[in-house]
Each structure stands twice: as structure tokens, then as C-alpha cells.
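Just so you know, all these numbers are worked out from the coordinates, no wet-lab data involved. None of the values given here were measured: they were computed from a predicted structure. All Cβ positions, even for glycine, are placed from backbone atoms using ideal geometry, and neighbour counts span all protein chains on display.
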Amino acid sequence: MSAGFLAHAHTFLLGVVVVVLALTGWRLVTGRTLVDRIIALDMLTGVAVAIAGFITAATGRREFLDVGFGTALTAFIGVVALSAFVERKGRRQK
Amino acid sequence: MILEILGLLLQAIGVFFLVAAIVGVLRFADPLQRMHASAKAGTVGGGFVLLGVMVEMGRLDVTLIGLATIAFLFLTVPIAGHLLGRATYVSGARLDGLTGGDALEGVLERSRVPLEERLAEGAEAPQDKR
């Protein structure tokens, strides 16, 4: 009985994280400004790491944590490149 | 059994922080405040979920790669936040949630018009190349 409770709790938590992921993606598509889209990409780092952790716990395979690590690395490089672009583009005065 | 419940508790704390982060990203007034929510609460949320998974599984390889991921997150997210905040300020984003004075005035060069308005008018009239 208790094992079933634990499995349902995992499913519930994963569902909440998927809702957070959907809201982040909505923000990424319809961001108010360009900077808001980059912020949503930054937010995606934590969400992707959390989902990788949940899938690791569900399947018992360690490789999904490597996927989370790689996603965090890629998102970091993307945020740094995009913010360098915004800074260079935003500095140009007429 | 007790470790599974403890891990589940840690995962629930992490999910709570992720929900708080997305509420902040959706509701705060200006880009710097939204960045404050996404960087701090998002990192703590992902880190707590990883801690819960490590406690629940209790395997050496999972613990090692999880600790490496948490250390990587804590090293890189402040750097990305610093660069993005600086770019936001320099490019002249609107600071609607600012109370009190602008502490960076005169320290950093700041564009007067937000980037989106300049990009919009640049689409109509071609600017001089530099």
C-alpha cells in the first residue's frame, strides 16, 4: 500500500513539473521582450535538471542524469552567447 | 523506506521552488526582477530535486553525477545571471519595478530607448552600418 502511495507521489510531482515546463515554454514563445525569452531559457535549466532527476528515479538508469548535466551545460552556453548579443546590440546608439 | 520518504520530501521542496520560480517569472514587473526569480529559485528547485533523487536511490554513481550537476549549476547560473543582467541594463530595458534611485546611473552606460523599440524602428528604416 505504501509503495503505491510513493509511486503516485512521484507521478504527481512530475505532473507539476511538466506544468511548469509548459508555462516556461509559453513564456519562451510569447515573451514580452527579447530579454524575457532569454530568462525563460535560463529557467529551463532548472526544469530540465528536475525532469532528468525524476526520470532517473523512475527508471533507475543513471544515464538520464548525464542528460540533465548536458542540458545544463548547453543552456548556460546559450544564455551567455545570447546575452553577449543583447549587450552588443543594445549598446549601439544612433 | 525512511530514505524514500525523505527523498520524496526533498523532491517536493524542489518542485515547490520551481513553482515559485515560474510564478515569479510570469508575474514580476520588469526583466531584472523576473531574472531574480528564475535564477535563484530555479537553481534551488533543480538542486533539491537532484538531492531527493540521490537520497532516494542511494547509489554511488547517481550521487557522484548528481553532486557534479549541482556544483555545475551553482557555478554557472550566477555567471549567466550576471551577464544577462548587465546586458539587460545596458540595452535600456524598462525598469518598472524600481523603487528608489538607479544605483548604476553614471556607472554603466545605458541606452535611453529600449532595445525592442529600436529594433522595431530599425526594421522600417535601414540603419547605417558600422
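Note down the magnitude of the dipole of region B:30-130 about its Cα centre, charges +1 on Lys and Arg C-beta and -1 on Asp and Glu C-beta and zero elsewhere, to the nearest 20 debye.
It works out to roughly 240 debye.
So how many Å³ per residue does the convex hull of the Cα atoms of chain A work out to?
Once divided by residue count, the hull of chain A is 74 Å³.
When you count, for each residue, the other Cβ atoms within 10 Å and take the mean per peptide, how do B:30-40, B:107-117 rank with the highest first?
Peptide ranking by packing, descending: B:30-40, B:107-117.
Determine the relative contact order of region B:1-47: mean sequence separation of Cα pairs under 8 Å and six or more apart, normalised by residue count, in whole percent.
Taking the mean separation of contacting Cα pairs over the length of region B:1-47, I get 44 percent.
Please work out the FRET efficiency for the pair B:ASP102 and B:LEU6, using the Cβ-Cβ distance as r and a Förster radius of 35 Å; give the result to the nearest 0.05.
Efficiency for this residue pair is about 0.15.
Suppose each label sits 7 Å from its Cα in the direction of the beta carbon; what would the A:ARG32-B:LEU60 distance come out to in nanometres?
It is 5.1 nm.
How shielded is A:26-33 by partner chains, expressed as the average number of their Cβ atoms within 10 Å of its Cβ atoms?
That works out to 3 on average.
What are the principal axis extents of the Cα atoms in region B:57-103, in Å, biggest first?
51, 19, 15 Å, listed from the longest principal axis down.
Calculate the FRET efficiency for B:ARG86 and A:VAL67 from the Cβ-Cβ distance with a Förster distance of 22 Å, rounded to the nearest 0.05.
For B:ARG86 and A:VAL67, the calculated efficiency is 0.10.
Once you order the gyration tensor axes a ≥ b ≥ c over the Cα atoms, which shape class does chain B get: rounded for a/c under 1.5, otherwise prolate or oblate by comparing a/b with b/c?
prolate
For the protein assembly as shown, compute Rh as the Kirkwood radius over C-alpha pairs and then the Stokes-Einstein diffusion coefficient at 10 °C and 1.306 mPa s; write the answer in µm²/s, rounded to an integer.
Translational D for this selection: 86 µm²/s.
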